[in-house]
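Please treat every number below as a calculation from the coordinates, not as lab data. Model, not experiment: these values are computed from the prediction. Positions of Cβ are generated from backbone atoms using ideal geometry, with glycine treated the same way; all protein chains shown enter the neighbour counts.
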Amino acid sequence: MSLSQTEKLLSIMAQLRDPSTGCAWDQQQSFESLIPYTLEEAYEVADAIERGDNDDLKSELGDLLLQVVFYTQIAEEQKLFDFEQVAMTIADKLIRRHPHVFANAVFEDDAARKQAWEEAKALERKEKLSAGSTRILSGLTKNLPALMACEKVQDRAAAQGFDWQETAPVFDKVLEELAEVKDAWISGDQVHTEEEVGDLLLVTVNLARHLNVNPEMALRKGTDKFTQRFNYVEQQVLSSGRVMTDCALEELDAFWDEAKQVLKQA
């Protein structure tokens, strides 16, 4: 009987890690050494999705799956766990977190469903931690991008009722924090300025949550938009036989306004 593609992949990984006949590079890898590759592959998956390149997405998902297989092979060698146990863990978690699908639970709306999801996650955190050490904000992954970590912290706090009930006051808070950044800047206290900028970023993430906007995706799209407009400005300058540092800011601003119109029409 032929192997399934999953079994084939697991077998290949075991061969690559074989102490005698495997690949020297693969043999040298550890949980820690693979972290940069895992992060890179996850971002490459996101990039393929945003570009709408489905063929590349299929390839990048394979690269990301390789990371999972690599970790589980190392874990199996250390007699910690194997691929089947990893699959079982996530399958059990999905069933537990979706009682409306697997246990006939009924939720009135998305808010109730999200609340149940957060409660299930909170219960899982309690099971991981020893009695008396449970904290609502404990257990967050330390290596998350700062923007994503900020959103997750606020989501957990909001699930406990620690959140504005209306959106309008969040706008006021953004303006308040912006004014405090300006005051700190005027004072010349760099440490205080950094602190106030952090507060401004945090409340901006909170505003994004209240507007049902994913702040990570919003910033990525904003950065992409800036990049496209900047590239247009650069091209206009290069077409005139100059470099950007040869141009006055007013001229660059004029090209920028032109880029907004041209790219919007495109």
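Tabulated data
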quantity	calculated
Charged-residue dipole, Cβ positions (Lys, Arg, Asp, Glu), segment 158-257 about Cα centre, Debye nearest 20	580 debye
Per-residue ³J(HN,Hα) for segment 23-32, Karplus 6.51 cos²θ - 1.76 cosθ + 1.60, θ = phi - 60°, Hz, x for Gly and Pro	7, 4, 5, 5, 5, 7, 6, 9, 3, 5
Least to most buried among ASP199, ASP55, ASP183 (fewest other Cβ within 10 Å first)	ASP55, ASP183, ASP199
Segment 244-266 versus segment 1-76: alpha-carbon centroid distance in Å	44 Å
Integer Hz, Karplus 6.51/-1.76/1.60 couplings in order for segment 59-72, x for Gly and Pro	5, 5, 5, x, 5, 5, 4, 4, 4, 4, 5, 4, 4, 5
Residue-wise HN-Hα coupling along segment 198-204, computed from phi with Karplus coefficients 6.51, -1.76, 1.60 (Hz; x: Gly, Pro)	x, 5, 5, 4, 4, 6, 5
Residue order, fewest to most beta carbons within 10 Å, for ARG113, ARG242	ARG242, ARG113
Cα-based helix-to-principal-axis angle, 215-239 vs the chain, degrees rounded to 10	50 degrees
With Cα atoms, 0 to 90° folded angle of helix 5-16 axis to the chain main axis	90 degrees
Ranking of LEU144, LEU57 by count of other Cβ atoms within 10 Å, fewest first	LEU144, LEU57
Across LYS114/LYS173; LYS8/LYS58; LYS58/LYS114; LYS121/LYS173; LYS121/LYS142; LYS93/LYS114, pairs whose alpha-carbon gap is larger than 20 Å	LYS114/LYS173; LYS58/LYS114; LYS121/LYS173
Candidate values (1) 16.5; (2) 15.3; (3) 24.1, label of the one derived for mean projected area of the Cα convex hull in nm²	(3)
CD proxy at 222 nm, helix term only [per DSSP H run n ≥ 4: -39500 (n - 2.57); per residue of the chain; nearest 500]	-24500 deg cm²/dmol
Folded to 0 to 90 degrees: helix 168-187 orientation relative to the chain principal axis, Cα	70 degrees
For the chain, with +1 on Lys and Arg beta carbons and -1 on Asp and Glu, the positive-most of LEU39, GLN15, PHE171 along the dipole	GLN15
